[in-house]
Amino acid sequence: MLESILMIKDPSARITYRRNWGDYYLIRITSPEIAQKALPGQFIMARVSDRSVPLLRRPFSIHSREGDSLEIFFQSSGIGTTLLAGKKEGEDLDILGPLGNGFDIKNGIGKKRATAVGGGRGIAPIYFLAQELLAMGSDVTVFYGGKTARDLPLKERFEAKNLRLMCSTEDGSLGFRGFVTGLFESKMDQLNPEIVFACGPDLMMEEIAGITKKNGIPAQLSLESIMGCGFGACWGCVKKIRMSGAEEWTKICQEGPVFPADRIIWE
Ligand SMILES: Cc1cc2nc3c(=O)[nH]c(=O)nc-3n(C[C@H](O)[C@H](O)[C@H](O)COP(=O)(O)OP(=O)(O)OC[C@H]3O[C@@H](n4cnc5c(N)ncnc54)[C@H](O)[C@@H]3O)c2cc1C
Ligand code: FES
């Protein structure tokens, strides 16, 4: 709730850098107020077109932050992301942010032996998180999974950081052959993490919730939902979450998108 009140509208965030690897895109935007307030796991809502289609803004995790700039990393998958992918350096983007409650790394959590798992485009917030954890002195392992080697374009970005990176692909073209959850589970004893963070498709997240529960390790999972507004006004994003003990239809944009794994009801 507090984060939503602090939300900033920046109608002219300037795109200063853009690159792509196939249908994955990285865009750097100058937006001083949003960048300075951003926390790992928070997101922005971007207006991708000046026309009425698509009418609704689209949510994107904050991938990194440096000074007055922030980056988003996304996969073009539909009308909105295709329009965003077509934006050029020097163009302005209308964004709202920072939104939602990010990963909780306060009160010593960020200093623990941490493991972060990103599946496909779900790797986007993991980079910002890993950078903050490293700055806090945490021992960080990142698992990065995708269908094929082309789905791991950020591998070199992570390798340039002082962390352990473990990659998986479903077709075996890079790293472990299989799902990232399989690789993660096979390394549990060796890594002995004290805290696990994850972002990715629902099936991956449900698996991570199961593995961490079995091993008695707390996990924080960043959920996706279709979002109309991004700040609690439309009820378009609700999912069932255990809040104060009881199951409740909960606004993912406002109370999340990050939740403790043991509070999420998988349907
Ligand atoms: C908090 C949050 C953070 C996200 N961060 C990232 C990110 O960092 N990188 C990234 O690539 N993607 C991210 N997404 C997903 C991204 O918002 C959707 O892929 C995007 O909105 C699809 O828009 P579109 O117009 O291209 O797709 P559409 O043409 O509208 O639909 C294509 C597909 O995307 C799904 N979709 C449509 N709208 C949304 C929506 N608002 N939220 C989720 N799924 C949607 C549809 O169900 C469909 O499967 C995030 C989603 C959320 C909720
Ligand atoms: S997206 Fe509108 S309430 Fe969550």
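See the values below:
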{"read-out": "Hits in region 210-233 (condition: hydrophobic (A, V, I, L, M, F, W, C) and within 28 Å of Gly97 (Cα to Cα))", "value": "Ala219, Leu221, Leu223, Ile226, Met227, Cys229, Phe231, Ala233"}
{"read-out": "Residue pairs meeting the criteria (Cβ under 7 Å; at least 6 apart or on separate chains; first under 16 Å from Met204 (Cβ atoms), in region 178-192; second open to solvent by 80 Å² or more (accessible area, probe 1.4 Å) and assigned to a loop (DSSP other than H, G, I, E, B))", "value": "Gly178/Glu170; Phe179/Glu170"}
{"read-out": "Count of region 92-108 residues which are open to solvent by 10 Å² or more (accessible area, probe 1.4 Å) and not in a strand (DSSP E or B)", "value": "7"}
{"read-out": "Hey, Leu39 outside any strand (DSSP E or B) and crowded, with 19+ Cβ neighbours inside 10 Å or not", "value": "yes"}
{"read-out": "In region 134-150, the residues that are touching a residue at least 40 places away in the same chain (Cβ under 8 Å) and either on the phi > 0 side of the Ramachandran plot or not in a strand (DSSP E or B) (or both)", "value": "Arg150"}
{"read-out": "Thr30 outside the structural domain of Pro125 (by TED's automatic domain parsing), surrounded by fewer than 16 Cβ atoms within 10 Å (Cβ to Cβ) and either within 19 Å of the chain's Cα centre (by Cα) or modelled with pLDDT of 95 or more (or both)", "value": "no"}
{"read-out": "Selection status of Gly119, small (Gly, Ala, Ser) and at pLDDT 95 or above", "value": "yes"}
{"read-out": "All positions within region 231-255 that are touching a residue at least 12 places away in the same chain (Cβ under 8 Å) and small (Gly, Ala, Ser)", "value": "Gly232"}
{"read-out": "Residue within region 199-206 that is open to solvent by 50 Å² or more (accessible area, probe 1.4 Å) and more than 16 Å from ligand 1 (Cβ to nearest atom) present", "value": "yes"}
{"read-out": "Residues of region 109-136 classified as surrounded by fewer than 24 Cβ atoms within 10 Å (Cβ to Cβ) and over 19 Å from Ser64 (Cβ atoms), total", "value": "4"}
{"read-out": "Any hit, region 155-163, residues being open to solvent by less than 50 Å² (accessible area, probe 1.4 Å) and not in a loop (DSSP other than H, G, I, E, B)", "value": "yes"}
{"read-out": "Some residue of region 231-254 being over 27 Å from Asp139 (Cα atoms), within 16 Å of ligand 2 (Cβ to nearest atom), open to solvent by 20 Å² or more (accessible area, probe 1.4 Å) and among the hydroxyl-bearing types (Ser, Thr, Tyr)", "value": "no"}
{"read-out": "Output for region 184-197, where each listed residue is crowded, with 20+ Cβ neighbours inside 10 Å and either touching a Ser or Thr at 6+ places or on another chain (Cβ under 7 Å) or within 14 Å of Arg164 (Cα to Cα) (or both)", "value": "Phe184, Pro193, Val196"}
{"read-out": "Looking only at region 42-68, and only at residues there that are among the small types (Gly, Ala, Ser) and within 13 Å of the chain's Cα centre (by Cα), the one that is least open to solvent (accessible area, probe 1.4 Å)", "value": "Ser64"}
{"read-out": "Region 69-89 - residue that is under 19 Å from Glu33 (Cα atoms) and more than 8 Å from ligand 1 (Cβ to nearest atom) and, of those, farthest from the chain's Cα centre (by Cα)", "value": "Ser69"}
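The values are calculated or read from the model by the stated rules, or taken from the named source; none is laboratory data. The structure displayed is predicted, hence computed values, not measured ones. Please note: Cβ atoms are built from the backbone with ideal geometry, for glycine as well, and neighbour counts cover all protein chains shown. Accessible surface is based on the protein model in full, side chains and every heavy atom, while ligands, DNA and RNA are left aside. Shrake-Rupley method; radii C 1.70, N 1.55, O 1.52, S 1.80 Å.
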